Amino acid sequence: MASPSSTRLDLDGNPIKPLTICMIGAGGFIGSHLCEKLMSETSHKVLALDVYSDKIKHLLEPESLPWNGRIHFHRLNIKNDSRLEGLIKMADLVINLAAICTPADYNTRPLDTIYSNFIDALPVVKICSDTNKRLIHFSTCEVYGKTIGSFLPKDSPLRQDPAYYVLKEDESPCIFGPIEKQRWSYACAKQLIERLVYAEGAENGLEFTIVRPFNWIGPRMDFIPGIDGPSEGVPRVLACFSNNLLRGEPLKLVDGGESQRTFVYIKDAIEAVLLMIENPARANGHIFNVGNPNNEVTVRQLAEMMTKVYTKVSGDQPPETPTIDVSSKEFYGEGYDDSDKRIPDMTIINKQLGWNPKTSLWDLLESTLTYQHRTYAEAIKKVIAQPITS
C-alpha cells in the first residue's frame, strides 16, 4: 500500500498532484469504498455530498484519524440545494454517483427513476461544463439493454458467438424494450444523460469520463429489508439472496433464474476508478466498461454458489428447499422486462488504463457474505424472534 505522503506517479511516470474532489453520492456503496481508498492511499481531498453518511461515518469520526481534514461531509440533496454550485466550484474534479439504481423501483417508481437519473443530473453536467470542471459520471451497464443475440432463434448457434452478446462501449447498440415495459425507464434515462455528457464534450469542451459498472459487489452494498432498509423494499439480486440466506428462507429465482450476469469485486472496481481519477490524459473522453467477464453465471448458479458460501461462513445449514421460482410479474410487478446477458468487453479500459479485475466470484462472495453475516445475523434473529402483533 502506497503511503499518501510519498510521491505517487501516474501511468506515464508523472507526479500525481493532490486534487480536491467533489463526490456526489459519497455516502452510498461505491462512494464509501472510493472515499476509503482516497483517504488511505492518496493525498486527495474529498467534499463528500449525500443525504446519508452512515456508510462513511467511520471515515468522519473520530477527528484523530490520519486523514483528518481531507474529507468533509455536506448533507444535501442535489435536486434542491443552492450550495451545489459553490461546492463544485471548489473542486478540481466532480464524481457523480447519485442515482436510483434498484430494479424493483424502475417500474414501480418510473417517474422518480427518470428524474433521479436524468433531470437531477442535468445541473451537475451544466455546472461542470460552464466552470471547466472535469467530470467522472457513473452510468450503468443497463444502457446496453438487450443483446443482439437475444433476438435470434433459441436454437441458433450464433447465440454462442461473442459478436452477438459481448458489449463494447464504442460499437454495441442500446436496445430497450417497449415503452410499456417501464423497467427500461432507468436505462433510458441513463443513456440520455450519457449522450448529454458526450455532447457537452463535443460542443463545449467538457472533460469527461463515463463509467459503466457491471454488477459491483462487496460489503455495504444495498440494504437488508427490515434492518437498514424498508421492510417491503426489494434490493438488487445479491442483497435479495443475502436476505433470504440470513433468514433461512429459500432464494427466489425470478423467471427461473436464467438471466446471465457477471460480477466484479468492489475493491477491484475502485482500483479502476482511481486510475481514471489520476490519469486524465488517458481517461478523458472515454466510456469504460468496468466488470469481470470471467465471473459469469446464471442467476440460478449464483443462488447455488451463494448458498454454499453462506453455509461455509455462517455454519448454518441451508434451507430444505434452497430455491423457489417466481414470475417477474409476481416479484417486480407489471412492466418488468430483463436483459439476457451482460458480458463486458474489456479492450478499452485495458488499453487506456492497463486495468484487469483480479478477484474470483467465489472469493468476492465469501468476502461479501462474511460481512453480511457479521453485520446482520444477530439483528435478523431478534426481528424473527419478535412476536407478530395483530
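The values are calculated or read from the model by the stated rules, or taken from the named source; none is laboratory data. It should be emphasised that the depicted structure is a prediction, and the values quoted were computed from it without experimental measurement. Counting neighbours? That spans all protein chains shown, and the Cβs are built from the backbone with ideal geometry, glycine included. For the accessible areas, the whole protein counts, side chains as well, though only heavy atoms, and no ligand, DNA or RNA atoms are used. Shrake-Rupley method; radii C 1.70, N 1.55, O 1.52, S 1.80 Å.
Identify the GluC sites (Glu not before Pro) of the stretch 127-188 meeting these criteria: DSSP loop state and at most 12 other C-beta atoms within 10 Å of the C-beta. Passing both the DSSP loop test and the Cβ count: GLU171, GLU180.
Does the stretch 46-150 classify as rounded, prolate or oblate by the C-alpha gyration tensor (a ≥ b ≥ c root eigenvalues; a/c under 1.5 gives rounded; else a/b over b/c gives prolate, otherwise oblate)? Prolate.
Mind scanning LYS17/LYS133; LYS146/LYS341; LYS55/LYS312; LYS17/LYS37; LYS146/LYS190; LYS17/LYS45 and naming the pairs with a C-alpha gap bigger than 19 Å? Distance filter (> 19 Å) returns LYS55/LYS312.
Mind ordering 25-31, 195-201 by average Cβ neighbours within 10 Å, highest first? Could you put the intermediate results ahead of the total?
Values: 25-31: 24.3, 195-201: 17.1.
Put in order of decreasing packing, that is 25-31, 195-201.
Which value, in nm² and rounded to one decimal, describes the direction-averaged projected area of the C-alpha convex hull of the stretch 35-107? Kindly include the intermediate steps, with their values, before the conclusion.
Values: hull surface 24.5 nm².
Reported value for the Cα convex hull: 6.1 nm².
In a shell of Cβ-Cβ distance under 12 Å around HIS58, excluding HIS58 itself, what net charge do Lys and Arg (+1) and Asp and Glu (-1) give?
Working: positive: LYS55, LYS57, ARG220; negative: GLU36, ASP54, GLU61.
Surrounding charge for HIS58 is 0.
Determine the relative contact order of the stretch 7-54: mean sequence separation of Cα pairs under 8 Å and six or more apart, normalised by residue count, in whole percent. Walk me through the numbers on the way to the answer.
On the way: 56 pairs, mean separation 20.0, N = 48.
Once divided by the residue count of the stretch 7-54, the mean separation gives 42 percent.
Please give the FRET efficiency for SER6 paired with THR131, using the beta carbon to beta carbon distance and R0 = 22 Å, rounded to the nearest 0.05. That gives a FRET efficiency of 0.10.
Considering only the chain, what is the antiparallel percent among its DSSP beta bridges, to the nearest 5? Of all bridge pairs located within the chain, approximately 10 percent are antiparallel. Per residue, the average separation of C-alpha pairs within less than 8 Å and at least 6 apart gives the stretch 99-375 a relative contact order of 26 percent.
Taking the square root of 5 times each eigenvalue of the Cα gyration tensor, what semi-axes in Å does the equivalent ellipsoid of the stretch 123-226 have, largest first? Don't skip to the answer; put the middle values down first.
Working: eigenvalues 172, 77, 39 Å².
Whole-Å semi-axes of the equivalent ellipsoid: 29, 20, 14.
The accessible surface of the stretch 99-375, taken with every protein chain in place and a 1.4 Å probe, is 50 percent carbon and sulfur.
Under a Gaussian network description of the chain, with springs only between Cα atoms under 10 Å, the residue in SER129, SER82, SER156 that fluctuates furthest is SER156. Rolling a 1.4 angstrom probe over the protein heavy atoms with all chains in place gives the chain an accessible area of 47 Å² per residue. Farthest toward the positive end of the dipole of the chain, out of GLN182, THR140, LEU97, is the Cα of LEU97, where the dipole comes from beta carbon charges about the Cα centre. Once both labels are positioned 7 Å from their Cα atoms along Cα-to-Cβ, the gap between ARG83 and VAL51 label points is 1.6 nm. In whole percents, the pair-distance distribution calculated for the chain from its alpha-carbon pairs, binned every 20 Å from zero, is 26, 60, 14, 0.
Take the Cβ atoms of LYS154 and GLU63, set R0 to 56 Å, and the FRET efficiency comes out at 0.40.
Relative to the Cα centre, what is the charge dipole magnitude of the chain, using +1 at the beta carbon of each Lys and Arg, -1 at the beta carbon of each Asp and Glu, and rounding to the nearest 20 debye? Present the calculation step by step, with values, prior to reporting the outcome.
Working: 42 positive and 49 negative charges, 115 e Å.
The calculated dipole for the chain is roughly 560 debye.
Hey, quick one: spin label on LEU122, modelled 7 Å out along Cα-Cβ, who in the stretch 182-196 has an amide N within reach, i.e. under 19 Å? Label zone hits: 185-196.
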